[in-house]
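Q: Can you keep this structure in mind? I'll have questions shortly.
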Amino acid sequence: MLDCLIRGVNLPDGRKGVDIAINEGRIVEVAPCIGAKAAQEIDASGCLATPPFVDSHFHMDATLTYGQPRINESGTLLEGIALWGELKPHLTVEAIKERARQLCRWAIAKGTLAIRSHVDIGDERLLAVQALLDIREEFKPYIDLQLVAFPQDGYLRHEKNRGNMERALDMGVDVVGGIPHFERTMAEGALSVKLLCELAERRGLPVDMHCDESDDPLSRHVETLAYHANRLRLQGRVTGSHLTSMHSMDNYYVSKLIPLMKEAGLNAVANPLINITLQGRHDTYPKRRGMTRVKELMAAGINVSFGHDCVMDPWYSFGSHDMLEVAHMGLHVAQMTGVAEMRRMFDAVTVNGARTLGLEGYGLEPGCRGDMVIIQAGDVHEALRLRPPRLYVIRRGRIVSRMMPAVARVSLGNAVYEVDFRYPA
Ligand SMILES: [Zn+2]
């Protein structure tokens, strides 16, 4: 007797009507019409099954603080940073944990079972670090939560942050972060990248930096990050987040930069919802979109994944932690509307994210972990178009969330039509 058997699903690669068998937390078979019996059987005929969504870049310490202590009136990055500064002295471990728990429940309901969250280490008390380490343990059965030690107000810009970084890593934070474009000078930014990469190398940890989150075409920290990743042989373990300056860079320079990133095995993370709202604010018209060069990076064979970055925090007043919403925005901003390109946008919130995070056993093949999401859509295109209910979210072969299908009943005269927006009906 198997633990769980899911019947008749379509897969992101185009296979249709297959069954997926899960036993002892792992997928044991993927094939049409599996004959075995299971303790839990789910008929999901015609629905899409995907490995769980992965959020490659988030800020769980700031999430769900909308309106605390006040709303970001201008909606800009700078007012957001000021607001976060006003809020920080009032934070408590328990308040951060309570908001993080709520966000994790939202994420699970949307089928996101892996999140890499940055955590601000700028506060001497490291309250947010302690709170999110607790949440990482509490939610371990449900979510793979990775934490990045993030010096929000600069690593070299404030003396205290060098010590705070070491203490946060000693406490068990998983990844070394940074914010080179926020240091005082370009040279200080480059020095911070060097020191933080060396720190990661000494401790055997990955690196994930907010890197060049600006519209400055001359910012060069991505290049520096790639250089040190290569020099210290950290290929595959270093991630550049945001990289929005690349949007504005000279094309000739980018033609040198992208191969350098490829050589260094850099992962790139774009945050479409946030980049499109926060960048280009100094422009009149034409107004830059600010998102990094997703299409070109992917074409060069660089692993590109997407993050949600923010949900109802000082920087962003929207969101329900839905990675399909992120992929939908990314697809529009990057103009990835070709058939193969749409599939890549789905990859950016699933398999590519798993690669950025280095997740073990991710996927829908035998031997992979028994984690998946059943979506009220027939294929990847429909999932992106409708961002519909996640009917079942499964972790290690057990249902951790379920949702009713969304169907409207439209009454026209004597006729009643059920409308679920799927095509063909
Ligand atoms: Zn961020």
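Q: Take the cross-link list 97/295; 160/287; 16/295 and give me the ones stretching past 30 Å between alpha-carbons.
A: 97/295; 160/287
Q: Using alpha carbons only, how many degrees (0 to 90, rounded to 10) separate the axis of helix 251-263 from the longest principal axis of the chain?
A: Taking the Cα atoms of the chain, the angle to 251-263 is about 70 degrees.
Q: Could you list the chymotrypsin sites (Phe, Trp or Tyr not before Pro) in segment 391-421 that lie in coil according to DSSP, counting only those with at most 16 other Cβ atoms within 10 Å of their Cβ? Provide the component values of the computation, followed by the final result.
A: Numbers: sites: 392, 417, 421; in loops: 421.
Taking segment 391-421 and a limit of 16 other Cβ atoms within 10 Å, the loop chymotrypsin sites (Phe, Trp or Tyr not before Pro) found are 421.
Q: Report the Cα centroid-to-centroid distance between segment 374-425 and segment 318-333 in angstrom, as an integer.
A: Segment 374-425 and segment 318-333 have Cα centres spaced 18 Å from each other.
Q: Give me the 1.4 Å probe accessible area per residue for the chain, excluding ligands and nucleic acids, in Å².
A: I get 41 Å² per residue for the chain.
Q: Would you work out what percent of the accessible area of the chain, with all protein chains in place, is carbon or sulfur (probe 1.4 Å)?
A: Working: 9440 of 17550 Å².
The value for the chain is 54 percent carbon and sulfur by accessible area.
Q: Related question: Excluding residues on the same chain fewer than 8 positions from residue 110, give the aspartates and glutamates whose Cα lies under 12 Å from its Cα.
A: 55, 322, 325
Q: Right, another one. Counting other Cβ atoms within 10 Å of each Cβ, which GluC sites (Glu not before Pro) in segment 66-118 have at most 16 and sit in a DSSP loop?
A: On the way: sites: 73, 79, 86, 94, 98; in loops: 73.
Here the sparse-neighbourhood loop sites are 73.
Q: Quick one: which residues, 5 or more positions from residue 145 or on another chain, have an amide H under 5 Å from its amide H? H modelled 1.01 Å from N in the peptide plane, none for Pro or chain starts.
A: Residues meeting the amide H criterion: 115.
Q: Could I ask something else about it? Taking H placed 1.01 Å from N in the peptide plane, check which residues at least 5 places from residue 53 or on another chain put their amide H under 5 Å from its amide H.
A: Close amide H contacts, sequence-distant or interchain: 112, 113.
Q: To continue, here is another question. Please list 252, 316 in order of solvent-accessible area, largest first, computed with a 1.4 Å probe with all protein chains present. Don't skip to the end; give the middle numbers.
A: Numbers: 252 180, 316 20 Å².
Final ranking, largest accessible area leading: 252, 316.
Q: While we're on this one: Are there any GluC sites (Glu not before Pro) in segment 311-392 that are in a DSSP loop and have at most 12 other Cβ atoms within 10 Å? List them by number.
A: Values: sites: 325, 341, 360, 382; in loops: 360.
Answer in residue order: 360.
Q: Residues with amide H under 5 Å of residue 26's amide H, sequence separation 5 or more or different chain, H placed in the peptide plane at 1.01 Å from N; which?
A: For residue 26, whose amide H was placed from the backbone, the distant partners under 5 Å are 370.
Q: With everything on Cα atoms, drop me the angle between helix 323-333 and the longest principal axis of the chain, reported from 0 to 90° to the nearest 10.
A: 70
Q: On C-alpha positions alone, give me the angle between the axis of helix 77-87 and the longest principal axis of the chain, in degrees, nearest 10.
A: Roughly 90 degrees between the two axes.
Q: Mind checking which aspartates and glutamates have their C-alpha under 12 Å from residue 256, skipping anything on the same chain fewer than 8 residues away?
A: 223
Q: Hey, another quick one. Testing the spin-label approximation: label points 7 Å from Cα along Cα→Cβ at residue 78 and residue 138. State their distance in nm.
A: Placing both labels 7 Å along Cα→Cβ, they lie 3.7 nm apart.
The values are calculated or read from the model by the stated rules, or taken from the named source; none is laboratory data. No experiment lies behind these values; they were computed from the predicted model shown. Note that we place each Cβ from the backbone using ideal geometry, even for glycine, and neighbour counts take in every protein chain shown. Protein only, heavy atoms only, side chains kept; ligands, DNA and RNA dropped before computing areas. Shrake-Rupley method; radii C 1.70, N 1.55, O 1.52, S 1.80 Å.
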